[in-house]
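Let me begin by presenting the structure, written as structure tokens, before commenting on it.
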Amino acid sequence: MAAEKPHRRGPSPKFVRDSEGREVHGLRAAKTNRTDQAGQPIIRYYSFDETRKKVYHGDNRDKQLAVFRFKQWEAQRADERVRFRTDEHETAIRDTFDAIRFSLDVKQRKKAGLPPKSVPIDADVLEVQVWAWLRKIMLADPKLAAQKLGIPEVARLESLPKPTSTSLRSIGDLYYDDKADITKKERAKAKTWWAEFCRYVDVSMVEDLDHEQFRKYANRIKAEQQETSKVTNKPRSTSFIRNRFLMIRTILKYAHEARRIQPELYARLRMDWKQPLKAPRRKRGTALLIKPEEFHAMYDAATTTIDRCLLLTGLNAALYPADLSRLRWEPHLDLENRHLVFVREKSGTDDTEGVVRVAVLWPETNRQLKRLFVEQEESGMLEKNVVFLSRMRRAMHSDTIYDHFIRLRKEAKIRRRIATEHLRDSATTIAARFAPQAQYQALMGHVVGSEADDSYILKNPAFVKEACLAIRRYYRIADLPRPS
């Protein structure tokens, strides 16, 4: 049995990329203590010769020239030659090759002290000389180069817009300063996590991000996730990784939509981060069914309108705490027709807008929501348009809703395993057992079918009426006491 190859040890090699984003194998980069006029550190590009001696080819002030010099140096070492064979009908190409041959022949014979002499049509010439001559002509006289090469676009190279470098710091500022629909909490997280990303990568410009930089950042975050949390004294959950990865991708996507990152560069970045920033899946817990008598006990313990609304709405519409915290009077609730309609965001990707969530409100749920509406109207809090408000007149966070539920659970003296998310587990379990599959999926917020199906459900919330009634019957909601 053949012995297996030992794995390569040490860090993965860091490749320099050319203007097309392709790796230039053999060319390395080294930071210096000097800075350019913009205050950015100067990076020198070098390679090793046969004796392991460094050969410098330029710096990041003209990266394309440094890459070109490196390729010249490699071609000269390999003695790469090009044989010119031209067709009589290809006049543009023949004229170009004639000019190259004449130029090279004059220089070579002049150095040797010989008079000029033409070179035969089929000749071996160092490839590096050909590219050097073409580069010189294209920079000095683009019109002549366009005429000789037969490519008119070459003459307009000077008029092309020069690519602008974008700093990572400006990308972050664009997101949390210019984005309108961002909450205060999301802005704070974006600042913290983007600053963390900028510290962990070795570059300061967006153009220099590559697969290696994303991999380095991902490994650092995964290592921190294994450490014990200072708050809970327990290992951090996978949300520690998932939320950060999603935020980094979201900030870069927003910069692309704002035209601060060119489409070609953004396409390359997406390929580079695809594997390193792949968010881990949540561990699926066991669904727990709340018993009817347990729900009744919690409802009896609820002495405020907002607590009763949390219990009834969460069970009626199969909502998570995060869904309840996002609920608004308009456009999500229609108390006259007893409908709940909104789009539920789906986590794990930055390319989706969510799926339709609908529910038919029970008479008991609708009655309590109307009562809460009147209470907010009398206290002047209705202008917030938030269904579940805290004492500070802000939208309740999912953690606050969780605390309300745990308090009710303790007062009701029911199983300690029961948590807020089990309202949704219980509702969907009963809907799956007693209602058609399409209604169960629509109630859960899962994709039912085509876009036309979702559009129909959005306009016809009564589609899930049978599923909602099945939950109401199972939990004997009609037997709940009416508060005075």
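The values are calculated or read from the model by the stated rules, or taken from the named source; none is laboratory data. Remember, predicted model here, so these are calculated numbers, not experimental data. Note: ideal-geometry Cβ built from the backbone for every residue, glycine included; neighbour counts use all protein chains shown.
Scanning the stretch 232-278 for residues that are within 19 Å of residue 183 (Cβ to Cβ) and β-branched (Val, Ile, Thr) gives 248, 250, 251. Scanning the stretch 176-216 for residues that are at pLDDT 90 or above, closer than 19 Å to residue 258 by Cα and aromatic (Phe, Trp, Tyr) yields a total of 1.
Scanning the stretch 73-92 turns up at least one residue that is at pLDDT 80 or above and surrounded by 14 or more Cβ atoms within 10 Å (Cβ to Cβ).
With a requirement of 2 or more residues that are over 24 Å from the mean Cα position of the chain (by Cα) and β-branched (Val, Ile, Thr), the helices (runs of 4 or more DSSP H) lying completely within the stretch 250-322 that satisfy it span 305-316.
Residue 267 falls short on exactly one of the conditions (1) closer than 18 Å to residue 172 by Cβ; (2) aliphatic (A, V, I, L, M); (3) without any contact (Cβ under 8 Å) to a residue 24 or more places away in the chain, and that condition is (1). Scanning the stretch 184-220 for residues that are of a type in the set (A, V, I, L, M) and not in a helix (DSSP H, G or I) yields 201, 203, 205, 209. Pairs linking a residue in the stretch 173-187 that is assigned by TED's automatic domain parsing to the domain that holds residue 198 to a residue that is in a helix (DSSP H, G or I) and surrounded by fewer than 13 Cβ atoms within 10 Å (Cβ to Cβ), with Cβ atoms under 9 Å and 6 or more positions apart or on different chains, are 176/188; 187/177.
Scanning the stretch 210-223 for residues that are crowded, with 16+ Cβ neighbours inside 10 Å and either acidic (Asp, Glu) or farther than 11 Å from residue 276 by Cβ (or both) turns up 210, 212. Where helices (runs of 4 or more DSSP H) fall wholly inside the stretch 367-467, the ranges with 3 or more residues that are touching a residue at least 60 places away in the same chain (Cβ under 8 Å), surrounded by 15 or more Cβ atoms within 10 Å (Cβ to Cβ) and charged (D, E, K, R) are 421-434. Entry remark, the stretch 366-422: residues being acidic (Asp, Glu) and under 36 Å from the mean Cα position of the chain (by Cα) number 4 in total.
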